[in-house]
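See below for the structure under consideration.
What follows draws every value from the coordinates through simple rules; no lab data is involved. For clarity, every value in this text was computed on a predicted model and none was experimentally measured. Positions of Cβ are generated from backbone atoms using ideal geometry, with glycine treated the same way; all protein chains shown enter the neighbour counts.
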Amino acid sequence: MFESLSEQLSQTLRTLTGKARITEDNIQEALLDVRRALLEADVALPVVKDFIERVKMRALGQEVSKSLSPGQAFLRIVQAELQAVMGNENSALDLRAVPPAVVLMAGLQGAGKTTTVAKLALLLKTRDKKSVMVASADVYRPAAIKQLETLAGEVGATFFPSDASQQPTDIVRAAISEAKRRFVDVLFIDTAGRLAIDEAMMEEIKALHAVANPIETLFVVDAMTGQDAANTAKAFNEALPLTGVILTKTDGDARGGAALSVRQITGKPIKFIGVGEKIDGLEPFYPDRLASRILGMGDVLSLIEDVEKKVDKEKAQKLANKIKKGDRFDLQDFKEQLEQMRNMGGITNLLDKMPGMGAVAKTAASTAGDKNFVMMEAIINSMTMKERHNPDILNGSRKRRITQGSGTTLQDLNRLLKQHKQMQLVMKKMKGGGLANMMRGLGGRLPPGMGGMGGGMPPGGRFPGF
């Protein structure tokens, strides 16, 4: 999300950050570029106008003129205002209610409501240790109830059975009664979506709301619809007392107009964003972190959280002990590292969250970096365990068998072996000296501000696998 906007804003702000003096003229020019970038990102016009006016007012005031670094001060203003547009801070689910805390899900058809119910259930079970029940009041869409039952099984949530012959309000009453009987902490109610907002739809969901009396009423909307997402949320908010919005499919939205429009147009916070099709692809929405990413400053906190949640600590410790003892870093270890990276969303996701690496992430995506990782795994999977532990035994016939088994070429295999050798050298430098030695071994190839080693990229401007 925000790739094109981030690129344009970073370019505009770079021209200002080196200025010794900020004047109305150079501010005006920069703000025109910012305005154009926001409109191209499909941000709603009233939001853009208000944003530009606030930035201009602050930039031409004492805040910048008295600063020792006016360009940097201007950048901080843009970051603060971007953050303010999206809501300043994360707005968590309010589940402070006598159990069960009822959460009603609303939205148009195709926005990903049912999948989002399962993602939320998984999040509350694993992060907050809540017992969760899910129920479907969607009696119109074929197989909607069965889909929720299947997803509930995947995430380990209790499924309340319902039937297309029932009235939605009867389903809600029965689900609440059962959740109380089973002492469930949270009950999610999935409602029917429509292709467009209509009177019948609004009347039904109002009736469901009255019966459920939910503590949270969440509107699920497809981020790829841009500012229309904000306008649809506003229409629902006029009919229902929404408590928050969930943006889905943000990984497919390069513009980000919805994220920058929803809060200001509806007055309701974005609580979560969907970041992929996987069942764990749901993240709390942090406006401050997203503002940093838009301006190319990365999102180190989210990166750390990804590591905490998704890295297999046992395997990581095993590798660390192996390297510390001076044992060889073999192809099986290499494969496990590729798997860990894939679990964290792939190289593109990692680079996108690292300061100053947004452009590199874009390059990684355009050169099919993550697909190369899949290919590398396929090559290693076609090897015997003996070959993985000792790749030096790979002769011509073994290589032919491996490439045929993985559907790759000899060049692909040789490239993998070369990259593995490079990784072996890096790991060797870590023996006894830990991370400091590894940093020195990388030869200062980290981005500015990381490890105190200077900037730049690996030779040839590429990371392994690209």
Please give me, ordered by residue number, the trypsin sites (Lys or Arg not before Pro) of the stretch 115-212 that lie in loop per DSSP and have at most 10 other Cβ atoms within 10 Å.
Lys129
Glu204, Glu238 arranged by Cβ crowding within 10 Å, fewest neighbours leading:
Glu238, Glu204
Express as a percent, rounded to the nearest 5, the fraction of DSSP beta bridges in the stretch 101-300 (both residues included) that run antiparallel.
10 percent
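Only counting other Cβ atoms within 10 Å, I'd like Ser406, Ser261 sorted with the fewest neighbours first.
Neighbour counts put them in this order, fewest first: Ser406, Ser261.
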So if we plug the beta-carbon distance of Gln332 and Glu7 into 1/(1 + (r/R0)^6) with R0 = 45 Å, what FRET efficiency do we get, rounded to 0.05?
0.70
Starting from the 7 Å offset along Cα-to-Cβ, what nm value, one decimal, do you get for the label separation of Glu203 and Asn90?
4.2 nm
Contour minus Cα-Cα distance for Glu53 and Arg173 (0.36 nm per residue):
38.3 nm
Between Lys180 and Gln28, what FRET efficiency follows from the Cβ-Cβ distance if R0 is 56 Å, with the result rounded to 0.05?
0.35
Given a cut-off of 25 Å, name the pairs among Lys113/Lys335; Lys271/Lys318; Lys125/Lys249 whose C-alpha atoms lie farther apart than that in the structure shown.
Lys113/Lys335; Lys271/Lys318
Suppose every K and R has +1 on its Cβ and every D and E has -1 on its Cβ; what is the size of the dipole of the stretch 148-211 about the Cα centre, in Debye to the nearest 20?
300 debye
In nm, what is the difference between 0.36 nm times the number of residues separating Leu45 and Leu425 and their Cα-Cα distance?
131.5 nm
Peptides ranked, highest mean first, by Cβ atoms within 10 Å: ranges 95-103, 414-422:
95-103, 414-422
Run the quick spin-label model on Lys371 and Ala80: label points 7 Å from Cα toward the beta carbon, then report their separation in nm to one decimal.
4.5 nm
If you filter the stretch 144-248 for chymotrypsin sites (Phe, Trp or Tyr not before Pro), then keep DSSP loop positions with at most 15 other Cβ within 10 Å, what is left?
Phe183
